[in-house]
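Where a number appears in this text, it was derived from the coordinates with a stated rule and is not lab data. Computed from a prediction, not measured in an experiment: that's the story for all the values here. Cβ placement follows ideal geometry from the backbone for every residue including glycine, while neighbour counts extend to all protein chains displayed.
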Amino acid sequence: MLSLRHKPKDQSFHLPISGYMGYFITKFFQLCTPITFLHERFETFILRNKIRKVKINKPIYITGLARSGTTIMLEMLSKHPNLATHQYKNLLIPFFPYWLNQISLKLKVYSKPVERIHKDGIMITSDSPEAVEEIFWKKYFKHTRTDNFSHIINRNVVKPKFERYYSNHIKKLLIAQGRPQYLAKNNYNITRMEYLQGIFPSVKFLLIIRNPVDQIASLIKQTKLFMKMEKYISIFQDWLKILGHQEFGHQRICINVNNPEMIYKIRKLWSKKKSYVKGWAYYWASIYDFIATQLEKNKELKKATLIVNYDELCENPAKVIDLILKHTDLPSENFIKVKDYYINHLHKPTYYTPDFSTQELKYITEITNATAVRFGINVEKFI
């Protein structure tokens with residue numbers, strides 16, 4: 001698990017030995033792909049009888065543009081006893097979920113809580129839920145590793161090898177954790193919702209959206225933080241690339257919703273300090289405009305999707321959590337204590353505040369307002 005410690009004196013970052021060990025383990029399995037997948041197939045073969053009995057029913061996918069609140073949603077729902085999800089320890093060896101779980105149980109692997117690398121106050125251990133499955137997507141859909149091509153994977157796409165591998169992997173994770181339903185968070189899945197519904201017709205989506213003023217501020221803060229980490233930690237960029245976590249930093253990959261001209265425009269705006277915020281406003285609008293239009297055209301997908309407004313979740317958690325449980329068909333009686341905890345602890349971030357100029361706020365309002373209205377958000381309320 002990656003753990004970074006902040007040094008107040010020189011504002012640099014330090015990666016402990018355990019962090020480097022984690023990187024080299026991950027790197028080994030990436031470089032030795034034939035051996036890795038040979039072992040993966042062997043695990044699947046050993047578990048074949050159990051796998052046949054498992055059904056992937058009502059899997060839950062959390063998605064949305066980064067910094068919208070997808071992580072806190074994953075943290076909360078992962079505590080439901082019905083749900084199995086990837087954990088930080090799966091980042092090291094993601095391909096063998098069953099064997100890794102057995103090894104962890106026997107060795108009683110545990111790590112002390114530390115703040116995650118995003119420096120956003122979220123404390124994690126090796127057992128904390130994490131977005132892992134992008135490692136598999138990038139292997140089978142290589143065009144998503146660049147923003148020069150469209151990232152949209154719709155219902156017309158057929159990829160038997162991936163679908164077989166992916167389904168078996170999810171089933172092994174369910175077997176390992178002894179849970180009936182799969183839970184995943186992946187920001188890049190925002191362009192794959194139709195495809196996922198084609199694979200799993202009973203799927204439930206939680207689309208997270210946040211007011212653009214605060215979300216853009218958070219995106220900028222995170223990008224600057226990752227760029228600083230890249231300066232002090234030589235392996236940081238490569239590790240993020242292996243994991244497919246490239247929403248921030250110098251290597252960030254924009255989500256291309258079949259609009260390469262917009263990506264070019266955004267990157268051009270990002271290249272100048274004067275228009276940097278303007279670029280993020282266009283990015284926010286392009287992503288959420290795409291999904292709003294897709295939901296309007298696809299009634300089946302719209303029925304499977306609950307739009308969760310992060311600001312409403314923080315302001316009225318009891319109501320929103322009930323809507324989430326109802327939409328996902330999760331038993332509420334098994335979630336009472338967790339629900340009460342989040343009702344008392346959910347709040348908007350306090351570790352930073354937007355610091356935009358009057359002109360930058362004007363850019364955000366003008367560029368994002370039409371899109372925000374489609375989701376019932378009044379941008380001016382947050383200025």
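Computed values, structure above
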| read-out | value |
| --- | --- |
| Charge sum, other residues only, whose C-beta stays under 12 Å from L325's C-beta, Lys/Arg counted +1 and Asp/Glu -1 | +1 |
| Given charges at Cβ of Lys, Arg, Asp, Glu: segment 254-383 dipole, positive-most of N369, I383, L269 | L269 |
| Nonlocal amide H pairs with S78, under 5 Å, H built at 1.01 Å | none |
| Note, ³J(HN,Hα) from phi for segment 174-190, Karplus 6.51, -1.76, 1.60, rounded to Hz, x at Gly and Pro | 5, 5, 4, 9, x, 10, x, 10, 9, 10, 9, 10, 7, 5, 6, 5, 4 |
| Gain upon complete extension [K348, I46; 0.36 nm per residue less C-alpha separation] | 104.1 nm |
| Rounded, prolate or oblate (a/c below 1.5 giving rounded, otherwise prolate when a/b exceeds b/c) for segment 283-365 by Cα gyration tensor | oblate |
| Computed FRET value (nearest 0.05) for Q251 with F356, which takes r as the C-beta separation and R₀ as 22 Å | 0.30 |
| Modelled FRET efficiency - R0 22 Å, I103 with Q30, Cβ distances, 0.05 increments | 0.65 |
| R374-Y20 pseudo-label distance in nm [points 7 Å out on the Cα-to-Cβ vector] | 4.8 |
| Residue pairs, from the table K89/K273; K112/K142; K139/K171; K139/K319; K106/K231; K172/K299, whose Cα atoms sit over 29 Å apart | K89/K273; K112/K142; K139/K319; K106/K231; K172/K299 |
| Two-site FRET efficiency, K337 against Y276, from Cβ-Cβ distance with R₀ of 45 Å, rounded to 0.05 | 0.55 |
| Among 348-355, 222-229, the order from most to least packed when residues are scored by Cβ within 10 Å on average | 222-229, 348-355 |
| Vicinal HN-Hα couplings computed from phi for segment 94-105 (Karplus, 6.51 cos²θ - 1.76 cosθ + 1.60; Hz; Gly/Pro x) | x, 7, 10, x, 6, 4, 4, 5, 5, 5, 4, 5 |
| Inter-label distance for N57 and K142, nm, one decimal - labels placed 7 Å from Cα along Cα-to-Cβ | 3.9 |
| Net +/- balance of residues flanking K362 in space, Cβ distance below 12 Å, scoring K and R +1, D and E -1 | -2 |
| In segment 283-383, the trypsin sites (Lys or Arg not before Pro) that fall in loop regions by DSSP, at most 13 other Cβ within 10 Å | none |
| Anisotropy class of segment 238-383 from Cα gyration tensor, a/c 1.5 cut | prolate |
| Shape of segment 5-382, Cα gyration tensor, a/c cut at 1.5 | rounded |
| The chain: antiparallel DSSP beta bridges as a percent of all, rounded to 5 | 30 |
